[in-house]
Amino acid sequence: MSLDPSLPGYTVIAELQQNNEQRIAAVNRALASQGAQINIDRTPASIETLRIPPHDITAEQAVLGALMLAPESLAKISDWLTEQDFYRADHRLIYRAVTALIGRGSPVDTVTMMDWFDDNDLAGMIGGAAYLIELNEATASAANIVAYAEIVSQKSRLRAAINAGMNLTEAAWKRGADAEQVIGAATHELAQMH
């Protein structure tokens, strides 16, 4: 399986892979120059084996579009869906704008949202008014906002679990790590997930 070079992030991943290969070669040269009998031969992960964290962009867009169509539907999800649950940074900002506008009783539309982004020097971070219009027009109804928000939340929780697992692995690999402390910290981190 090969990834499409036009995918976002492909170039960055390819450059990281190439840099990693260069670093391994440099370490091997340094070890050899010191007479070491060890050779690092770990093959770096190929682009095809790298994983993208769980997310559902369509569900995120549906939540944001639903909030633009029916701002009152925020009451159905605001107790448990947070800005940080969104995978994309622009979606986190749009959710922040929507909740801020609703919080002050302002209408939620392209004009008021772009005004909010301009006032907060964030207009360049969301793709402009065209993307807000696209979100608004692509959403037919706000009736299923809870289902869409549950998908967004579920993906966020999976990313948090992955992060907790990575933190646990890193802590356990540290020299002199105390098993009880490592497990205790991991248990606490898992318990903090909503």
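Every number in this text was worked out from the coordinates using simple rules, so none of it is lab data. Quick caveat, the model's predicted, so the values are computed rather than measured. Note: ideal-geometry Cβ built from the backbone for every residue, glycine included; neighbour counts use all protein chains shown.
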Extension gain, ARG157 back to GLN34 (0.36 nm per residue minus Cα-Cα distance, nm): 39.6 nm
Full-extension gain in nm, GLU21 to MET193, via 0.36 nm per residue minus C-alpha separation: 58.3 nm
FRET E, pair ASP56, GLU180, Förster distance 45 Å, beta-carbon r, rounded to 0.05: 0.75
Farthest towards the positive end of the dipole of region 52-180, among TRP80, ASN136, ALA97 and with Cβ unit charges of +1 on Lys and Arg and -1 on Asp and Glu, lies the Cα of TRP80
On the formula 1/(1 + (r/R0)^6), with r taken between the Cβ atoms of ALA75 and ALA129 and R0 of 35 Å, the FRET efficiency rounded to 0.05 is 0.85
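Would you calculate the volume per residue, in Å³, of the smallest convex hull containing every Cα atom of region 85-194?
So the per-residue hull volume is 142 Å³.
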